Ligand code: BES
Ligand code: MN
Ligand code: ZN
């Protein structure tokens, strides 16, 4: 979706040609003398339209108003969450119709975070998946709303917020697109190609390792998962260089299981198709890099994606097999379906070479996390309080929330093995925590956090599809670390060049 910010008051919006006009109305609306204000006041007074979030009224062909269709959408107290909900609902009303563009106006002055929420909701509603449909432009499919004009009385102070929100929206869209693609259209090789495409953007570099290089690195745990598949594994290394090389990077590690059958510990058939989403962590890393290319914040970021399939096969790993990870620790694979932690642990060890200020892994890791937190908040685990706090507040800001979970040492006891240094599963109790405890064994050289997005990365049922989470959370976190994004199109600022390491803020003992 294309976005444009314009200086528009309600009276201007009513006089401007547009296929559809969406007006967000907060509690206590008191408009001016113009036709649109009068219309809103009348609908509120009559009780036909309420300003509570989610309430809406569709008005067609109103006198004195140029746009044919007007949707009044209540946003209650005007909070970002309510704005997002209202815009989502109103877009639902417009989406089936003929309008291909929409003008969105706030009836009252809008804050930056409300504008950001509106942009995210517009972009969310305008995304359609078409990659594997034979006729993407089939007449039966409603036309896409491809353009949004955001009208505010004073656009000046909101330009930066718009630019940020649009960059996040593009990142979210890329993440959704890759996560949605079926396993046979999003193989490790194709994911690597997508990363290479990103590598062509300014300040982004990409390197892809194949089976030979991964073997040479000694990534025995990652290799073990991949060995049951005919698809070759790929280890993707992305770099975003927005600050001097001397500045320690943030490393993002995304689980890239392009399909998870469970392997020999095979999963039951119902809903197994949803395991194509098991590379949502990887997709979110791609999305973050897409956003970084646009925002150009003054920091360094590395993205690592171990990508492979988890398949049952004559050559596949078996329960009881013991493998040696890159760290040297041996792992007894008690359940081949706990494969995410096996590919991630080697990527975490690989992350050490970057001397990072923080490492965040993002993974659709456990069904247990879905049971614990559902689809509202991602599970967040962190070895560092400052990092935990930063991620928590980034999530709130981005409307992409997470919730901190515990890492007490006692949880790690479930992973004891009689035949290796560690087993790859604990029992059923606290399954999301024992998975995190497994990862923590490979993350003792840096400040580390783990986001379990098993519940938040996609929706099931009739709305089945990827959400693009937690791209918003991660981009907000990174912008916070950078202090302030560099202006789009510009070079890194002097401030960026002279500033100390991001670790001073993100790392141990720092204040977030
Ligand atoms: N990709 C799954 C986790 C998952 C399951 C995410 C369902 C979303 C919905 C992961 O690889 C997995 O299979 N985990 C197992 C771990 C268990 C064997 C300890 C799980 O959660 O059942
Ligand atoms: Mn699995
Ligand atoms: Zn998995």
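Here is a yes/no grid of residues against (1) surrounded by fewer than 22 Cβ atoms within 10 Å (Cβ to Cβ); (2) within 16 Å of ligand 1 (Cβ to nearest atom):
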site: 221; (1), (2): no, yes
site: 247; (1), (2): yes, no
site: 259; (1), (2): no, yes
site: 266; (1), (2): yes, yes
site: 272; (1), (2): yes, yes
site: 275; (1), (2): yes, yes
site: 319; (1), (2): yes, yes
site: 326; (1), (2): yes, no
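Against the numbered list (1) away from ligand 3 (no atom under 15 Å from the Cβ); (2) touching a residue at least 24 places away in the same chain (Cβ under 8 Å); (3) surrounded by fewer than 24 Cβ atoms within 10 Å (Cβ to Cβ), residue 359 comes up short only at (3).
Answer yes or no: is there a residue in the range 429-441 that is within 17 Å of the chain's Cα centre (by Cα), modelled with pLDDT of 95 or more and on the phi > 0 side of the Ramachandran plot.
Of all residues in the range 429-441, those within 17 Å of the chain's Cα centre (by Cα) come to none.
The answer is no; no qualifying residue exists.
Evaluated against (1) part of a helix (DSSP H, G or I); (2) without any contact (Cβ under 8 Å) to a residue 40 or more places away in the chain, residue 436 falls short on exactly one condition, (2).
Per-residue answers, yes or no, for (1) modelled with pLDDT of 95 or more; (2) within 16 Å of ligand 1 (Cβ to nearest atom); (3) in contact with a strand residue (DSSP E or B) (Cβ under 9 Å, 6 or more places away or on another chain); (4) part of a helix (DSSP H, G or I):
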residue	(1), (2), (3), (4)
288	yes, no, yes, yes
305	yes, yes, yes, no
309	yes, yes, yes, no
315	yes, no, no, no
344	yes, yes, yes, yes
348	yes, no, yes, yes
392	yes, no, yes, yes
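Of the helices (runs of 4 or more DSSP H) entirely within the range 1-117, those holding at least 2 residues that are closer than 30 Å to residue 400 by Cβ occupy 80-95. Filtering 324, 258 for residues that are within 11 Å of ligand 3 (Cβ to nearest atom) and either touching a strand residue (DSSP E or B) at 6+ places or on another chain (Cβ under 6 Å) or within 23 Å of residue 420 (Cβ to Cβ) (or both) leaves a single hit, 258. For first residues located in the range 254-277 and under 14 Å from residue 175 (Cα atoms) and in contact (Cβ under 8 Å) with a residue 60 or more places away in the chain, partners that are more than 11 Å from ligand 1 (Cβ to nearest atom) and in a loop (DSSP other than H, G, I, E, B) and lie 6+ apart or on another chain with Cβ distances below 6 Å form the pairs 258/186; 258/187; 276/182.
Restricting the first member to the range 329-342 and to residues that are under 17 Å from residue 432 (Cα atoms) and modelled with pLDDT of 95 or more, and the second to residues that are near ligand 1 (Cβ under 8 Å from one of its atoms) and in a helix (DSSP H, G or I), the beta-carbon pairs closer than 7 Å and six or more apart or on different chains are 341/435.
Taken together, the residues in the range 266-291 that are more than 14 Å from ligand 2 (Cβ to nearest atom) and in contact with a helix residue (DSSP H, G or I) (Cβ under 7 Å, 6 or more places away or on another chain) amount to 9. Candidates are the residues of the range 362-388 that are more than 12 Å from ligand 1 (Cβ to nearest atom) and either assigned to a loop (DSSP other than H, G, I, E, B) or modelled with pLDDT under 95 (or both); the one that is nearest to residue 348 (Cα to Cα) is 383. Residue under question is residue 263, and the condition is that it be within 16 Å of ligand 2 (Cβ to nearest atom), assigned to a loop (DSSP other than H, G, I, E, B) and under 19 Å from residue 363 (Cα atoms); does it hold? Yes, satisfied. Here residue 347 clears all of (1) farther than 30 Å from residue 479 by Cα; (2) surrounded by 22 or more Cβ atoms within 10 Å (Cβ to Cβ) except the condition numbered (1).
This table checks each residue for (1) assigned to a helix (DSSP H, G or I); (2) surrounded by fewer than 24 Cβ atoms within 10 Å (Cβ to Cβ); (3) away from ligand 1 (no atom under 15 Å from the Cβ).
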| position | (1), (2), (3) |
| --- | --- |
| 395 | yes, no, yes |
| 412 | yes, yes, no |
| 418 | no, yes, yes |
| 428 | no, yes, no |
| 442 | no, no, yes |
| 454 | no, no, no |
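If you go through the range 423-471 one residue at a time, how many are farther than 18 Å from residue 407 by Cβ and within 16 Å of ligand 3 (Cβ to nearest atom)? Show your work before the answer.
Initially, the range 423-471 is screened for residues farther than 18 Å from residue 407 by Cβ, giving 428, 455-471.
In the following step, the residues that additionally are within 16 Å of ligand 3 (Cβ to nearest atom) were identified as 455-458, 460, 466.
Residues meeting the conditions: 6.
If you go through the range 59-70 and keep only what is under 15 Å from residue 94 (Cα atoms) and surrounded by 15 or more Cβ atoms within 10 Å (Cβ to Cβ), you end up with 59, 67, 68, 69, 70.
The values are calculated or read from the model by the stated rules, or taken from the named source; none is laboratory data. Just so it is clear, the structure is predicted and the values come from calculations on it, not from any experiment. Neighbour counts are summed over all protein chains in view; Cβ atoms, including those assigned to glycine, are modelled from backbone coordinates with ideal geometry.
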